[in-house]
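Colleague: Just passing along the structure, written as structure tokens.
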Amino acid sequence: MAQKSSALGTRDRIVVVAARLIQRQGYVGTGIKQIAKEAEATLGSVYHFFPGGKEAVAVAAIAYSAEEFAEVLRDGLAGEGAPGLAVERCAGELATGLRESGWIDGCPVTAAALETLGTDSEIQRVCAQALRGWERIVEERLLGAGFSAQDAREVATTVISALEGAEVTAQVARSEEPLRAAGRQLARLVGSYGG
């Protein structure tokens, strides 16, 4: 999934570092100087690649993080078997990853979205695109399992909403259980449709 930052070019290092920082300390708590320092880049190179400054870096970082999670979803939902069990497996993977990070590596999309609520910003737009993209991945899996279009769309929205909320709750509680419980209940929900 993520490459070692030392193997990346300067622009990509900036994006990966910004994604991790936003994931751990939010958009507001992440400064452009910190991004440059941790990416081993000069401030000039950050502004060269991102003339829009911190917001432009954040937009690229959120898009990067969105694709990372999309890969987790695609991998977790792929293959044969009931889609409900696949959703539960994804929730379990999120729980394990969160615990292994010491409860700090939450969803950078959620963090940035919450911090910029009420603004008509590019950050809000990229966060909305990320959420809808994740919903589409789940929706496609449910359609493939025989769900009607409306049910697939609504259940996919429910799955992503529940996983995102459970991830925040797990971070606050410093426990895997909110994600694992959400996974179990989502599996039951999906299974109730015959999936």
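The values are calculated or read from the model by the stated rules, or taken from the named source; none is laboratory data. Note that the structure is predicted; figures quoted are calculated from it, not measured. FYI the Cβ positions are ideal-geometry reconstructions off the backbone, even for glycines, and counts take in every protein chain you see.
Colleague: Does Ala145 fit the bill of being at pLDDT below 95, surrounded by 15 or more Cβ atoms within 10 Å (Cβ to Cβ), out of contact with any Leu (no Cβ under 6 Å at 6 or more places or on another chain) and of a type in the set (A, V, I, L, M)?
Modeller: In short, yes.
Colleague: Touching an Asp or Glu at 6+ places or on another chain (Cβ under 9 Å), at pLDDT 95 or above and within 30 Å of Val16 (Cβ to Cβ): which single residue out of Thr157, Thr110 fits that description?
Modeller: Answer to the selection: Thr157.
Colleague: So which residues in segment 93-120 are surrounded by 16 or more Cβ atoms within 10 Å (Cβ to Cβ) and in a loop (DSSP other than H, G, I, E, B)?
Modeller: Asp105, Gly106, Cys107, Thr116
Colleague: Considering only segment 161-195, how many residues are without any contact (Cβ under 8 Å) to a residue 12 or more places away in the chain and either closer than 19 Å to Ile137 by Cα or small (Gly, Ala, Ser) (or both)?
Modeller: So the answer is 4.
Colleague: Which numbered condition trips up Glu80, out of (1) under 30 Å from Gly29 (Cβ atoms); (2) out of contact with any helix residue (DSSP H, G or I) (no Cβ under 9 Å at 6 or more places or on another chain)?
Modeller: Among (1) under 30 Å from Gly29 (Cβ atoms); (2) out of contact with any helix residue (DSSP H, G or I) (no Cβ under 9 Å at 6 or more places or on another chain), Glu80 violates only (1).
Colleague: Condition (residue is of a type in the set (Lys, Arg), in contact with a Gly (Cβ under 8 Å, 6 or more places away or on another chain), within 29 Å of Ala170 (Cα to Cα) and part of a helix (DSSP H, G or I)) applied to segment 57-78: is it met by at least one residue?
Modeller: No.
Colleague: Give all pairs with beta carbons closer than 8 Å in which a residue from segment 132-159 that is closer than 21 Å to Ala181 by Cβ and without any contact (Cβ under 8 Å) to a residue 24 or more places away in the chain meets a residue that is charged (D, E, K, R) and assigned to a helix (DSSP H, G or I); count only pairs at least 6 apart in sequence or on separate chains.
Modeller: Qualifying pairs under 8 Å: Ala156/Glu135; Ala156/Arg136; Ala156/Glu139; Thr157/Glu135.
Colleague: How many residues, within segment 177-195, are part of a loop (DSSP other than H, G, I, E, B) and touching a Gly at 6+ places or on another chain (Cβ under 8 Å)?
Modeller: Residues meeting the conditions: 2.
Colleague: If I ask for residues that are under 20 Å from Glu177 (Cα atoms), without any contact (Cβ under 8 Å) to a residue 40 or more places away in the chain and more than 16 Å from the chain's Cα centre (by Cα), which ones from segment 73-124 would you list?
Modeller: Glu100, Gly102
Colleague: Same structure again: Every residue in segment 125-146 that is farther than 19 Å from Gln25 by Cα and within 11 Å of the chain's Cα centre (by Cα), please.
Modeller: Ala130, Leu131, Gly133, Trp134
Colleague: Let me ask something else about it. Go through segment 33-48 and give me each residue that's buried (at least 18 other Cβ atoms within 10 Å of the Cβ) and part of a helix (DSSP H, G or I).
Modeller: Passing the criteria: Ile35, Ala36, Val46.
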